[in-house]
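Chemist: Here it is, the structure, as structure tokens.
None of the figures in this text is laboratory data; all of them are computed from the coordinates on show. These figures come from a predicted structure and were not determined experimentally. As a convention, Cβ positions derive from the backbone with ideal geometry for all residues, glycine included, and neighbour counts pool all protein chains shown.
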Amino acid sequence: MKRFVLLLLLFLAQPAAAHEFLLGDLQIIHPAIPATPLDGDTAHIYMALVNNGTEPERLLAIETAYGKAVLERQVTDANGVATQQKMAWIDIPPGETVLLIQGEFRGRVEGLKEPLVEGGELDGAFVFEKRGRFKMFFMIDPIEPIEELPMQASERADTSEATLAIAAALRAELGEDTAIAPLAIVGDVAIAGWTRGDIGARAFLRKRAGSWQVVLWSGPSLLLPATLTSLGVGVQTADQLRKELAAGETALGRDYITRFDAFAGTVPLN
């Protein structure tokens with residue numbers, strides 16, 4: 001918490017309006033639908049769900065003016081062919097962030113009667129197993145690319161343990177109400193975005209002696225090849241970190257990228 005006070009003094013606050021909802025200790029960050037073409041009748045739903053509690057939760061349904069969305073995830077077979085698999089629910093484990101982004105989980109809405117225009121809003125609701133039904137709205141983001149790049153099965157390493165450990169390390173520095181998203185993990189290094197209210201930054205972490213440690217906070221300079229090289233990150237690893245982080249940040253939306261980029265300078269921690 002002391003570090004967070006210091007960061008407040010260093011940070012140039014942003015006027016950007018946050019598009020997030022708090023339901024107890026569950027954060028719903030930037031629920032959004034990309035704009036659709038004039039002849040489009042299907043749309044996808046993206047967001048980040050952060051469970052800051054100690055109990056598991058499940059997203060059972062997403063409701064829109066066009067009916068319930070289909071919950072699905074992308075799966076890749078042994079031949080590298082990606083398909084969408086329907087899900088009855090999406091698990092949100094305690095202490096974890098679940099991203100609905102391209103190539104992972106998402107919601108799919110069919111039967112649109114008119115195009116969704118960038119900058120607009122669409123009323124909706126979430127149905128959770130324990131928290132019940134919660135009304136909210138989706139922001140209409142820029143139109144998404146037509147093609148999605150499939151991820152090879154070998155690239156889908158199980159990072160659940162690392163995700164929990166990284167979230168714990170960050171919240172030990174910043175406080176339990178800190179939202180951790182997005183998160184890119186490659187081997188023993190990681191980059192995570194964090195937000196608390198209207199402020200945020202990117203964090204670089206390294207796994208040392210079996211535990212994840214926060215090395216520094218930074219803004220856009222953290223993503224420069226020279227910065228990652230100076231931290232001892234190889235070229236291929238750095239490229240993969242930037243790629244995964246960019247996908248996660250795009251899913252969160254421009255307001256969050258603006259907050260991350262607005263962090264001034266670099267603050268070493270360990």
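Chemist: So, in the chain, how many Lys pairs have Cα atoms under 19 Å apart, if the pair is 8 or more places apart or on different chains? All intermediate terms of the calculation are to be shown ahead of the outcome.
Modeler: Values: 68/86; 68/113; 68/130; 68/135.
The result is 4.
Chemist: Residue 235 to residue 84: extension gain in nm, 0.36 nm per residue of separation minus the Cα-Cα distance? All intermediate terms of the calculation are to be shown ahead of the outcome.
Modeler: Details: separation 151, 0.36 × 151 = 54.36 nm, distance 3.18 nm.
The residue 235-residue 84 span can extend by a further 51.2 nm.
Chemist: With the contact rule set at Cα under 8 Å and sequence spacing of 6 or more, what percent relative contact order holds for the chain? Write down the numbers at each step before the final one.
Modeler: On the way: 584 pairs, mean separation 55.2, N = 270.
Reported relative contact order: 20 percent.
Chemist: Report the net charge of residues surrounding residue 30, where surrounding means a beta-carbon distance below 11 angstrom and charges are Lys +1, Arg +1, Asp -1, Glu -1. Present the calculation step by step, with values, prior to reporting the outcome.
Modeler: On the way: positive: 254; negative: 20, 141, 249, 255.
Here the count lands on -3.
Chemist: Is region 17-141 rounded, prolate or oblate when judged by the Cα gyration tensor, a ≥ b ≥ c being the square roots of its eigenvalues, rounded requiring a/c under 1.5 and prolate requiring a/b larger than b/c?
Modeler: Values: a/c = 1.80, a/b = 1.14, b/c = 1.58.
Oblate, since a/c reaches 1.5 and b/c is not below a/b.
Chemist: What distance in nm separates the two pseudo spin-label positions at residue 42 and residue 243, each 7 Å out from Cα along the beta-carbon direction?
Modeler: Placing both labels 7 Å along Cα→Cβ, they lie 2.5 nm apart.
Chemist: Working from the pairwise distances between different alpha carbons, so that the mean of 1/r is found and then inverted, what is region 176-247's Kirkwood radius in Å? Let's see the in-between values first.
Modeler: Numbers: mean 1/r = 0.0804 Å⁻¹.
So the Kirkwood estimate lands at 12.4 Å.
Chemist: Once every DSSP H run of n ≥ 4 in the chain is given -39500 (n - 2.57) and the sum is divided by its residues, what mean residue ellipticity at 222 nm do you get, rounded to the nearest 500 deg cm²/dmol? Intermediate results must be reported in sequence, preceding the final value.
Modeler: On the way: 5 runs with 56 residues, N = 270.
The helix contribution divided over the chain gives -6500 deg cm²/dmol.
Chemist: Please sort through the DSSP H helices of the chain and keep those with an alpha-carbon extent of at least 20 Å along the long axis and a Kyte-Doolittle average not below -0.5. Provide the component values of the computation, followed by the final result.
Modeler: Details: long enough: 160-174 (21 Å, 0.91); 235-252 (26 Å, -0.27).
For the chain, where a helix must reach 20 Å along its axis and average at least -0.5, the hits are 160-174, 235-252.
Chemist: What's the extension gain from residue 172 to residue 73 if we count 0.36 nm per residue and subtract their Cα-Cα distance?
Modeler: On the way: separation 99, 0.36 × 99 = 35.64 nm, distance 3.16 nm.
Result: 32.5 nm gained on full extension.
Chemist: Okay, next question. Please work out how much length the chain gains when fully extended from residue 208 to residue 266, using 0.36 nm per residue of separation minus the C-alpha to C-alpha distance, in nm with one decimal.
Modeler: Details: separation 58, 0.36 × 58 = 20.88 nm, distance 2.09 nm.
Between residue 208 and residue 266, full extension yields an extra 18.8 nm.
Chemist: Taking H placed 1.01 Å from N in the peptide plane, check which residues at least 5 places from residue 96 or on another chain put their amide H under 5 Å from its amide H.
Modeler: When sequence neighbours closer than 5 places are left aside, the close amide H contacts are 51.
Chemist: Can you work out the Karplus-derived ³J(HN,Hα) for every residue in region 67-73? Use 6.51 cos²θ - 1.76 cosθ + 1.60 with θ = phi - 60°, whole Hz, and x for glycine or proline.
Modeler: Couplings: x, 6, 7, 7, 8, 8, 9 Hz.
Chemist: Starting from one equal scatterer on each C-alpha and no solvent at all, send me the Debye-based log10 I(q)/I(0) for the chain at q = 0.11, 0.12, 0.13, 0.16 Å⁻¹, two decimals.
Modeler: -0.62, -0.74, -0.87, -1.32
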